[in-house]
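Chemist: Handing you a structure now.
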Amino acid sequence: MFEKIIYAGVVFMGFSAIMNPFSGISIFLTLTANEDEQNSKKIARISTITAFTIVVIFAVAGHLLLDLFGVSFTALRLSGGILVAIIGYEMLQGKPSLINNPSKKSMEKTIKEEGSVAVTPLGIPLLAGPGVIITAMNFSTGGIVNLCITIFAFALLCLITYLFFIRGKQIKEIIGLNVLKALTRMMGLILVVIGTQMFIEGIYSAVQEFPKINYF
């Protein structure tokens, strides 16, 4: 039981680091600058529900997609570890992640073409980007308990993110821009560690599976 509690904490921190609701506050405020309070809350709600839905789909059925393309969980851990570590490194350097965050140009294009930003780019890929999806697939392996922990942890994070979004102006005024940047870098360090751990687990799995591989 204690191990599962620790695992739940690791899952929540992993999702928190890679989704980083603190850094999302500025983007959300920018994208909803011309919206009234009611519409801003609606956009925040739709974006977090969209992210949660996407992550649940991949957490539950991700292994089917891997089987469909003939990809093993070992490959997922190796590639996912590299991807997560790269995102963490970019955050640690104080740079916006090119992998997990939409560019300003793409956001402006979305606003111009679609009007609403709730689903894209806020829901995807800002909240549920490739790094979050791969992390969810990795955390949900190992049985139904791990899957439930993963879904619950991400649901809790989505709720926190929603509250952060609708109270974004107050949060930004209270803690300040410099603190937001410091938190982003701290999350980046956590991500580098998690990505490295995923990569190590992938190497260990690959070594275990190596004798079973038939090349002829």
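The values are calculated or read from the model by the stated rules, or taken from the named source; none is laboratory data. Note that the structure is predicted; figures quoted are calculated from it, not measured. No Cβ is skipped: glycine too gets one built from the backbone with ideal geometry, and neighbour counts run over all protein chains shown. Keep in mind that these areas ignore ligands, DNA and RNA; they rest on the heavy atoms of the full protein, side chains included. Shrake-Rupley method; radii C 1.70, N 1.55, O 1.52, S 1.80 Å.
Chemist: Hey, which of the helices (runs of 4 or more DSSP H) in the stretch 7-99, taking only ones fully inside, have at least 2 residues that are more than 19 Å from the chain's Cα centre (by Cα) and at pLDDT 85 or above? Show your work before the answer.
Modeler: On the way: elements: 21-31, 37-68, 73-92.
Of the helices (runs of 4 or more DSSP H) lying wholly inside the stretch 7-99, those with at least 2 residues that are more than 19 Å from the chain's Cα centre (by Cα) and at pLDDT 85 or above span 37-68.
Chemist: Here is a follow-up. Do you know which of the residues in the stretch 153-169 that are assigned to a helix (DSSP H, G or I) and open to solvent by 90 Å² or more (accessible area, probe 1.4 Å) is farthest from A136 (Cα to Cα)? Break it down into steps so the answer makes sense when it comes.
Modeler: Taking the stretch 153-169 as the starting set, the residues that turn out to be assigned to a helix (DSSP H, G or I) are 153-166, 168-169.
If we keep only those that are open to solvent by 90 Å² or more (accessible area, probe 1.4 Å) as well, we get 159, 169.
Details: L159: 17, K169: 30 Å.
It comes out as K169.
Chemist: Run down T196, T141 and say which single residue is modelled with pLDDT under 90, of a type in the set (V, I, T) and part of a helix (DSSP H, G or I). Talk me through it step by step, then tell me what you get.
Modeler: Details: T141 fails: part of a helix (DSSP H, G or I).
Of the residues listed, the single one that is modelled with pLDDT under 90, of a type in the set (V, I, T) and part of a helix (DSSP H, G or I) is T196.
Chemist: Within the stretch 3-12, can one find any residue that is in contact with a Leu (Cβ under 8 Å, 6 or more places away or on another chain), in contact (Cβ under 8 Å) with a residue 12 or more places away in the chain and not charged (D, E, K, R)? Spell out how you get there, then give the answer.
Modeler: Narrowing the stretch 3-12 to residues in contact with a Leu (Cβ under 8 Å, 6 or more places away or on another chain): 12.
Checking which are in contact (Cβ under 8 Å) with a residue 12 or more places away in the chain leaves us with 12.
Right, trim to not charged (D, E, K, R) and you get 12.
Checked the stretch 3-12: at least one residue is in contact with a Leu (Cβ under 8 Å, 6 or more places away or on another chain), in contact (Cβ under 8 Å) with a residue 12 or more places away in the chain and not charged (D, E, K, R).
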